Structure formats: C-alpha cells, structure tokens
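The values are calculated or read from the model by the stated rules, or taken from the named source; none is laboratory data. Here the structure is a predicted model, which means the values were calculated and not measured. So basically every Cβ, Gly included, is an ideal-geometry build from the backbone, and we count neighbours across all protein chains shown.
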Amino acid sequence: MLTVACLCACRVELAGRAADDFVAVFYSNMDAAAGRLNIIKMYRPTSTLVWNGNKIQGLEALNDFFTKLPPSRHDVQAYDCHAIPGLNDRKPSLLLSVSGTVVHGKDAIDNPPPRGYNVEDAWPRTFSQTFVLSPDLEGSGLPREQWLLVDRYYILSDHMRFVG
C-alpha cells in the first residue's frame, strides 16, 4: 500500500530525474542545427510558447519560429522541477523552471569562448524559461536514446524571457 509520504517522495524523484533528462535533451537540440528539427516533436497542437511576451501557438507556427531562430549556445546554470498534483497520480504534470545564459547569432557558432573561459565571455544574455510538461500517451517521437525518462511528456506551455 502506498502511503502519502511514499507517493510524494516518488513524485519528487520523478520530477528530479525528468528535469535532468529534459534539460539535457531540450537545450542540446536547441543548440544543434539538426536538433532544431527535433524540438517541434516536443510540442503538441495545443502547446503554447510565449517568447519575450510574444505568443506562438500551433505546430506550424512553432516550427516556423524555431526554423527562423538564429543559432544559439545555452549555458544552463540552474533548474528546478516540481510535480503538479492532478488527475493522473501515476504520472503528474511537471513545472520546470530553468535559468542561465544564451548567445544567439553568429557568435554562438563562429566564436565560442576560448578553452578555459566561461560562456559569459561571449556576451550572453541571461534567460529564464518555465515549462509545464504534461503526460502524453502517444510519446514524443524523439529517438529513445534522447528522450530517456520523459519519453511520455510533451511541452504544454513554454515561457521564455530574457532577463538581462
């Protein structure tokens, strides 16, 4: 019999492992030219992206946005994930907050920081990004070796904001 304490501990562990996997997969795909094709597989037709106050909804609009986005290099500095209690006790939705720095454009590819220097040396912008990841019965469509634990989650909501 599952106790409330055991159920909470399981959700905390799930959220932590899912966050580790998601952050690694999402930002490595964002920063790879070929990976941008995989990003759209993490969203569904009802998903919403708010990029610095601009709302983008629907797979076609999201695909167009990610295709036109300049090359990037993210340095994730912190993230935190919590299970959202709801109807699906076995697989709750997840609230994931990520912060770090990002360089967009030519500098992201042509001028990586010299060895031994931090990404901050390439004049990055500070960002804050918040995701709501929702259970998905169909799966993401990403290669299994990439999606790991969260192969049955999709991005329901994505809010990206430059904060510095």
Checking Tyr79 against (1) among the aromatic types (Phe, Trp, Tyr); (2) touching a Pro at 6+ places or on another chain (Cβ under 7 Å); (3) modelled with pLDDT of 90 or more, the condition it does not meet: (2)
Enumeration of residues in region 18-62 that are of a type outside the set (Ser, Thr, Tyr), surrounded by 13 or more Cβ atoms within 10 Å (Cβ to Cβ) and assigned to a strand (DSSP E or B): Arg44, Leu49, Val50, Trp51, Ile56, Gln57
Condition check for Val103: surrounded by fewer than 13 Cβ atoms within 10 Å (Cβ to Cβ), aliphatic (A, V, I, L, M), over 14 Å from the mean Cα position of the chain (by Cα) and modelled with pLDDT of 75 or more: no
Per-region count, region 63-100, residues surrounded by 13 or more Cβ atoms within 10 Å (Cβ to Cβ) and either among the polar types (S, T, N, Q) or assigned to a helix (DSSP H, G or I) (or both): 9
Residues (of a type in the set (Asp, Glu) and modelled with pLDDT of 65 or more) located in region 128-164: Asp136, Glu138, Asp158
Qualifying residue in region 36-48 (condition: modelled with pLDDT of 95 or more, within 18 Å of Pro135 (Cα to Cα) and touching a strand residue (DSSP E or B) at 6+ places or on another chain (Cβ under 6 Å)): yes
Region 61-73 residues that are within 12 Å of Trp51 (Cβ to Cβ), paired with ones that are modelled with pLDDT under 95 and part of a helix (DSSP H, G or I) (beta carbon under 8 Å, 6 or more apart): Leu62/Ile40; Phe66/Arg36; Phe66/Ile39; Phe66/Ile40; Leu69/Arg36
